[in-house]
Amino acid sequence: MRRTLLFPALLFAASTAASQATRSAGKPAAPAAGPDVTMGLAKDPRIVAALAEVSAARIRYTDSVLVSFGTRHTMSDTTSETRGIGAARRYLYNELRAFSRDCGGCLRVEYDPHDVPIARFRDRPMAHVVNVLAWLPGKDSSRVVVIGGHYDSCVCNVDAADATSDAPGADDDGSGTSAVVELTRVISKKFPGGFEATIVFALFAAEEQGLLGSTGLARRLHEEKKTVVAAFTDDIIGNVVADDGRTDSTSVRLYAVDSLPSRSGELARYVWGVGALYTPKFEVRPTFRLDRIGRGGDHSPFHRLGDAGLRFTERLENYKRQHLPTDDLANVNFGYVAAVARLNLASLVSLAAAPGPVDSVVYRRDRASGGQKWQITWKPVALAARYEVLFRPTTSPTWTKVHDAGTSTSFLLDEQLDDGWAAVRAVGADAHRSLTTVARGGIAPPRAAAPTPAPPPGQ
């Protein structure tokens with residue numbers, strides 16, 4: 001993993017200066033050391049075994065079936081068995097039902113319909129938007145981890161209202177949808193008993209019309225009082241050749257907002273660490289913004305509701321194929337899709353097997369030390385065997401120190417918070433770590449974030 005690419009510029013400059021000094025002394029330059037982004041995460045042999053089950057061939061087969069339906073436009077045919085979005089969603093539903101039969105009924109498979117106003121279709125002002133969901137129940141039914149991809153497609157760059165022309169959508173987002181289908185198969189096979197938290201495998205509809213399917217599911221989960229620990233979306237994860245000829249099959253981008261900082265940013269750091277632990281030859285590139293400029297994805301509705309939301313996207317995009325009839329199977333690298341799926345799997349299972357995130361983490365200056373130290377306090381978490389307190393300077397993209405707090409719900413931190421951030425995470429009996437929760441001053445803020453403007457239609 002080429003972690004040095006993710007260091008701040010000042011660290012790169014420092015390493016460059018050091019290497020120049022070494023060369024001037026007539027000695028070979030030592031390779032620059034990257035940050036330990038794993039920061040104490042422990043490898044689970046069950047996850048290692050499950051990673052080997054992910055099949056690029058199965059992912060390709062699923063994508064080829066989706067492409068065979070011609071178009072999967074939200075407003076396309078819903079009655080045909082061979083063409084249109086209706087045929088696609090019935091195929092996906094039946095696949096998930098088959099996985100459930102194979103694991104002894106471990107999955108709850110359902111259609112998740114929403115009638116939503118839609119633009120550009122004056123004679124059809126409402127769209128019948130139908131997500132396809134598979135639930136793997138956990139011990140805690142109120143705590144969920146969501147993984148999704150959108151199965152709709154379009155030739156939006158030609159005509160956004162064209163619901164009849166072929167729109168193969170092999171990469172956007174047949175690749176992500178097929179990865180989620182494969183994750184459903186593997187995880188239900190290897191872990192039919194589930195985890196501490198519930199996993200929701202979501203195949204979203206109407207992403208191209210403005211994230212309609214994911215918005216409906218995000219609102220539903222909140223209305224049902226679910227705690228969404230994390231929401232992943234796999235969207236455009238199959239191309240490895242850019243339109244200028246550059247290639248990259250060994251890295252993936254993570255898009256997540258990290259202002260203040262945010263839950264989404266902590267999710268990105270978590271996946272970054274998981275990737276370094278389980279898939280070290282596949283580089284994780286966190287990008288701390290909601291999405292590519294002017295674009296949107298199915299993680300966005302969750303982030304707007306205060307949840308941790310994250311998008312996986314190929315490192316190099318080919319904009320001459322997206323939303324066009326040229327988005328076909330020949331341009332999808334299924335080995336690469338499988339690599340992204342393995343990163344997803346390790347992250348999903350690690351989160352679902354861990355205790356829930358710590359709540360109400362606050363800091364105060366310690367008066368006994370003259371204000372030089374900081375008292376960190378938090379509420380206890382069910383299933384936590386112990387807690388860890390993390391620290392990073394404001395200039396560091398990742399946590400740099402981990403302190404063992406034992407079973408206590410308070411810790412006296414030596415590091416100066418005027419220059420950094422502190423966070424707390426729960427550690428389960430099997431060593432799985434929760435997401436970190438960043439400490440706030442005085443009184444912890446409410447869980448839900450303030451609403452932000454809706455993103456543009458999904459791309």
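The values are calculated or read from the model by the stated rules, or taken from the named source; none is laboratory data. Keep in mind that this is a model prediction, so the values were computed, not measured. As a convention, Cβ positions derive from the backbone with ideal geometry for all residues, glycine included, and neighbour counts pool all protein chains shown.
Quick look at the numbers
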{"quantity": "Residue within region 181-191 that is touching a His at 6+ places or on another chain (Cβ under 7 Å) and either closer than 23 Å to A338 by Cα or assigned to a loop (DSSP other than H, G, I, E, B) (or both) present", "calculated": "no"}
{"quantity": "From A21, A29, A14, residue being over 30 Å from the mean Cα position of the chain (by Cα), part of a loop (DSSP other than H, G, I, E, B) and either modelled with pLDDT under 50 or farther than 27 Å from A179 by Cα (or both)", "calculated": "A29"}
{"quantity": "Test: residue in region 249-257 that is modelled with pLDDT under 95, in a loop (DSSP other than H, G, I, E, B), among the small types (G, A, S) and surrounded by fewer than 22 Cβ atoms within 10 Å (Cβ to Cβ)", "calculated": "no"}
{"quantity": "Count of residues meeting criterion [without any contact (Cβ under 8 Å) to a residue 60 or more places away in the chain and either in a strand (DSSP E or B) or buried (at least 20 other Cβ atoms within 10 Å of the Cβ) (or both)] in region 98-132", "calculated": "9"}
{"quantity": "Filter result (in contact with a helix residue (DSSP H, G or I) (Cβ under 9 Å, 6 or more places away or on another chain) and either over 18 Å from V271 (Cα atoms) or polar (S, T, N, Q) (or both)) within region 397-413", "calculated": "T398, L412"}
{"quantity": "Selected residue [at pLDDT 95 or above and of a type in the set (D, E, K, R)] from R295, R311", "calculated": "R311"}
{"quantity": "Residue among V358, V340 that alone is more than 19 Å from T287 (Cα to Cα), touching a strand residue (DSSP E or B) at 6+ places or on another chain (Cβ under 9 Å) and hydrophobic (A, V, I, L, M, F, W, C)", "calculated": "V358"}
{"quantity": "Any hit, region 370-384, residues being in contact (Cβ under 8 Å) with a residue 40 or more places away in the chain, in a helix (DSSP H, G or I), in contact with a helix residue (DSSP H, G or I) (Cβ under 6 Å, 6 or more places away or on another chain) and not acidic (D, E)", "calculated": "no"}
{"quantity": "Enumeration of residues in region 289-338 that are within 14 Å of A242 (Cα to Cα) and under 16 Å from the mean Cα position of the chain (by Cα)", "calculated": "T313, E314, R315"}
{"quantity": "Qualifying residue in region 155-162 (condition: crowded, with 19+ Cβ neighbours inside 10 Å, small (G, A, S) and touching a residue at least 40 places away in the same chain (Cβ under 8 Å))", "calculated": "no"}
{"quantity": "Hey, Y319 of a type in the set (F, W, Y), out of contact with any Phe, Trp or Tyr (no Cβ under 6 Å at 6 or more places or on another chain) and surrounded by 20 or more Cβ atoms within 10 Å (Cβ to Cβ) or not", "calculated": "no"}
